[in-house]
Each structure stands twice: as structure tokens, then as C-alpha cells.
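Everything on this sheet refers to the single structure shown next.
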Amino acid sequence: MKFRILNKGMVTAIAALACAAFSGLPPAAADEAPVRIGFFSPQTGFGAPDGRSALAGAQLAIKQVNDAGGIDGHRLELVPYDDGSDPKQGATIATKLTSQDGVVAAVSGSYSPQTLAAATIFQRAKTVLVSAYAVNPGIPKTGSYIFLQDANGTVQGRAGAKFLADKGIKKPAVISIDNDFGNALVEGFVAEAPKLGMTVVSTDKNQFGEKDFGTIIRRVIASGADAIYLVQYVAEGKQFLRDWAQADGKLTLLSTEGIDSAGFYSIGKLADGLMFTTNLNRDSKSEETQQFLSDFAKAYDFPVDMVAASSHDAVMLVVDAIRKNGTTAADVKAGLDALRDFKGATGTFERFTENREVIKPIQIQVFDDGKISSAGVVSDPAIITP
């Protein structure tokens, strides 16, 4: 495989040996220019808890590849940035990565606004960007170099409706954060529900930092709803459960990957019985999932979540494309376009669609006594195909 030289500066023998010792590669490999992969995530701002997990997952992927000898002896190097949970920073970082840093591709470990802001610049530069867990369906529509490795929000919403309908739910209510994430999932859920024999009895939206769900909860209970589709992030999800406990609510609760975050798990037993759609099945028997879970537990002192697993898989998808095709932007793009049945921490990626969206099952997880386990899976092609 022929590799493009990314850094033209001379490397001294001492630096080469030090690099080899750090990376686990043989000294000869340290003479080669590293293969650089860009990365950005919210290390500060409201998304910092997810940013920590995202960066950890990406760094673990890099370490695993380097410990195994790199790519044909070439060491991987992650080039990370903090986007501060700010779309403007997403655009600034994208410009740096594509014009200054010599990356072969990049991964977004951030939310939809930052990813969308960056995607336009990556597309203009014809450099691959893989979104780890942002769900806005508009992201891959930016152009042919932009890929979505997590199911988009509309697909996840459809999967939530399918799961509840299969459980016999007839009258779900919706309570959702009012942003790109929430709106995309609600759109999919509300559109699919009547096709499955359900009537959505109410739809309520809340803002970031919501401190009191009491009024909404009372209205939902009075509506005769038999389930709640709860689309929230960590802080708002926790507040809802506190208010739900005060209301002594008894309805079926199905949430989404927004709460599949290490920052949410401290809620403990208040979450018992809460189910959620996500892409990480902790009970999977696959070697790739179990290896990831084991390596993450050894490397970090906080719980694994879907954000870490998604960022890990996004990096590994880029690695797979490089191994098979090479390091030019066109090589990486072609490798992802041709991907089939890739096995990652979040399961098997059947393929990317022609619009560069992933096709893979949606997992249902449930909290029980503070632990997370599998409650089912939605794999119907009519539901999970974008």
C-alpha cells in the first residue's frame, strides 16, 4: 500500500526511538510519517460530559490500532480539538483540520449543530468527515464526503414507535427537548405511530435546563396515555425522573440515546424500568463489542456509554477504509462507500446507503437495579433503512 507523506520535517533518531517506544511500534516504523485523523468534541460547554466519553472512545481506537502495529507499520495520530459546544467553533476547527493539520479524514464526536457547521467545510475541501453520533438527517446531505455512522433521528424515532407498538402500547405521549436532536426523533416517531395502530395523545416540548416537568406530567397522565416517549439529554432526563417519582407515575417509559451517557447513570434506582433506544448493546456476544467494553473499563475510570462506543467505531471505520484503499481523501471515501458488514463495538454495519447513512439494528436497553441490559432490538429493514 502506498502512503502519502503528511509531514515533511526531518525526524531525528532519538525522536524516532521515543515515538516507537510510546506507540508500541518497531523503531523502523517511527521513521515514517504518522497517519493523522482529525477529531472534535465538546470538552467544555454543556456537552462536556459527552465530549469526555467521545474523546476517550476515539483515543482508545487509536491506541488499539497502534498497539497492534499501526497500519502497515504506520502509526496513527489523533488530532483532537474542543469545539466548546459551539457551532462557530465547529466551523473554525474544520478549517484548521482541512487546511493546516494534514489529516486524511476526520471524525465528529459532537452534536448536530457543530457537525453541520463543520460538514460544509469538509465537503468543500473534499475530506471525509464521519459523524459519530449526531443524528440530524441533514448532515450527510451536505455532500458525498460526509458520512453518518449512527442511525439518523428519524430512523431512531421510527424504531421507538415500532418497539412500543410491539409491546401493545396504543396511546403514547411525547415529551421532547426542543432542538435538532429532539425534533428529528419526534418527527420519525409521530409519523410512524399511526401506521402501527397507535394514536399520539399529546406532544410537549421543553428547553435545555428545564427545572420542573410536573405540569407536563400531570397533563400526560390525565390524557389517558399508556406510555411516554421521552426524548431528552442527561440533565433534563434526570429532572424528569425526579418529577416522575414525585408524581408516582406508572406508565411505560421509553427514552433515547440522549440519556445513554455516563453523566446520566448516577441517577441510580430512579431510572429502574426506563428503556431507551441506542446503538450499544452491552449484552452482545460479539467479540468486537466485548473487547471494546473490556478495554474501555481497563483504560478509564468512568462508565462506558454509546457516545464512547460510537466515536470508537467512527475512527475504526476510517481505519478500515485506509487499510483497504489508502490515505488519499478519495481512497478513504471509496473505502467507506464500499464498506460491507463491518463489525464494530456497536454491532455490524451492513453498509452505507447511497446517501452515506448507516444501516444497522436499533438496540433497546433497560435500567434494572442501576444496571443496563438488553430489552430487545428493532431490525425490521423497513424501519432501520433511512
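The values are calculated or read from the model by the stated rules, or taken from the named source; none is laboratory data. Given the structure is predicted, the values throughout are model-derived calculations rather than measurements. No Cβ is skipped: glycine too gets one built from the backbone with ideal geometry, and neighbour counts run over all protein chains shown. Protein only, heavy atoms only, side chains kept; ligands, DNA and RNA dropped before computing areas. Shrake-Rupley method; radii C 1.70, N 1.55, O 1.52, S 1.80 Å.
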Considering only region 245-264, how many residues are assigned to a helix (DSSP H, G or I) and open to solvent by 40 Å² or more (accessible area, probe 1.4 Å)?
-> 3
Does Asp295 meet the test of being of a type outside the set (Ser, Thr, Tyr), surrounded by fewer than 24 Cβ atoms within 10 Å (Cβ to Cβ) and not in a helix (DSSP H, G or I)?
-> no
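Residues are listed down the side, and each one gets a yes or a no for (1) part of a loop (DSSP other than H, G, I, E, B); (2) of a type in the set (Lys, Arg):
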{"position": "Pro194", "(1), (2)": "no, no"}
{"position": "Arg218", "(1), (2)": "no, yes"}
{"position": "Ala225", "(1), (2)": "yes, no"}
{"position": "Ala235", "(1), (2)": "no, no"}
{"position": "Phe240", "(1), (2)": "no, no"}
Confirm whether Ile216 is within 27 Å of the chain's Cα centre (by Cα), without any contact (Cβ under 8 Å) to a residue 60 or more places away in the chain, over 23 Å from Tyr111 (Cβ atoms) and surrounded by 18 or more Cβ atoms within 10 Å (Cβ to Cβ).
-> no
For region 117-166, enumerate the residues that are under 28 Å from Val200 (Cβ atoms), in contact with a Gly (Cβ under 9 Å, 6 or more places away or on another chain) and among the charged types (D, E, K, R).
-> Arg158, Asp166
Among the residues of region 365-386, count how many are surrounded by fewer than 20 Cβ atoms within 10 Å (Cβ to Cβ), of a type outside the set (Gly, Ala, Ser) and farther than 15 Å from Asp150 by Cβ.
-> 7
